[in-house]
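The values are calculated or read from the model by the stated rules, or taken from the named source; none is laboratory data. For clarity, every value in this text was computed on a predicted model and none was experimentally measured. Don't worry about glycine lacking a Cβ; one is built from the backbone with ideal geometry, like all the others, and counts go over all protein chains shown. In case anyone asks, the SASA skips ligands and DNA or RNA and just uses the protein heavy atoms, side chains included. Shrake-Rupley method; radii C 1.70, N 1.55, O 1.52, S 1.80 Å.
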Amino acid sequence: MATQPPKTDGREARAIDSAMELRFASDERTGPGTATGYAARFNVWADIGGAWRERFVPGAFTRTLAHDDILAVHSHDKGRVVGRTGAGTLTLRQDDSGLAFENPLPDTTDGRDLSVSIGRGDIPGMSFAFIARRQEWNEMVEPPERTIFEADLIEITYSAKPAYSDTSVGLRSLDEARKERRSQNFDAAARRVARKMTVDLRSRGVTSKA
C-alpha cells in the first residue's frame, strides 16, 4: 500500500446516483424552486470502469469549502452557471452521509428547465468535478482501491446522463504510486544489504575506518 502517492493536478469527474428534491418557498409556484440533494457520498465504494474502486472519506472537502468558489452548472457547461458558493446561490455542507447541496434555481431558461426536469425525474443524479489532493492506493486487492482524504471541488453538475470520466488522471496517479512504492522497496532492499554486510564484517572482526 502506498501511504501517500504524489499529488496530481488533474481534474476528474464522478457521478452520483442520488435522488434530488425541489423545494418551494410557498404553496405558489412563482419560481423554479430550490434543488436539494447530495453531490457526493462518503465511504461508498464506486467502481471506476473496472480499473479501480474509489471512495471519499468524511471531511474530504473541508478545505475546499472554506476557500474555493464552487459552481453549480447545467450539463457540464461552465457557460450555464445556475449557482455558485461565492455568490451565496449555492450552499454546500458535509454531514455523515456526504456532501449535501442546496441550490435556489435562477428564474432563467436553464433554471426553469432544470426545475421541470428534476420534478419529472428526467435528471436522476449529479456529477461533480474534483482534483484529488491527498489520497492512498491499496494494491493488495483486485481491483486496486483508492481512498481520497482531501479533494478540491470545482463544480457540481446537473446532468441527464451522470457518468464518471477523465479516468486517465486516476490511472496516472496509480502509476505514480506504483513507481514510488518500487523506489521505496529498492531503497529498503539496499539498506538491508548494507546492514547485512556490516554484520558480516563485524563477525569477522573487521571494522570500518572513519
key: Residues located in the stretch 69-95, provided they are at pLDDT 95 or above and open to solvent by less than 50 Å² (accessible area, probe 1.4 Å)   = ILE70, LEU71, ALA72, VAL73, VAL82, GLY83, THR85, LEU90, LEU92, ASP95
remark   = In the stretch 42-64, anything buried (at least 17 other Cβ atoms within 10 Å of the Cβ) and under 14 Å from GLN94 (Cβ atoms) is listed as PHE42, PHE56, ALA60, PHE61, THR64
query = Looking only at residues in the stretch 121-154 that are assigned to a strand (DSSP E or B) and over 11 Å from the mean Cα position of the chain (by Cα), which one is surrounded by the fewest Cβ atoms within 10 Å (Cβ to Cβ)?
reply = ASN138
request  = Would you confirm whether any residue within the stretch 134-154 is among the aromatic types (Phe, Trp, Tyr), modelled with pLDDT under 95, closer than 30 Å to GLU180 by Cβ and in contact with a strand residue (DSSP E or B) (Cβ under 9 Å, 6 or more places away or on another chain)?
outcome  = yes
message = When you scan the stretch 5-18, do you find a residue that is open to solvent by less than 70 Å² (accessible area, probe 1.4 Å), over 16 Å from the mean Cα position of the chain (by Cα) and at pLDDT 85 or above, even just one?
response = no
Test result for GLY31, surrounded by 15 or more Cβ atoms within 10 Å (Cβ to Cβ), modelled with pLDDT under 85 and outside any strand (DSSP E or B) = yes
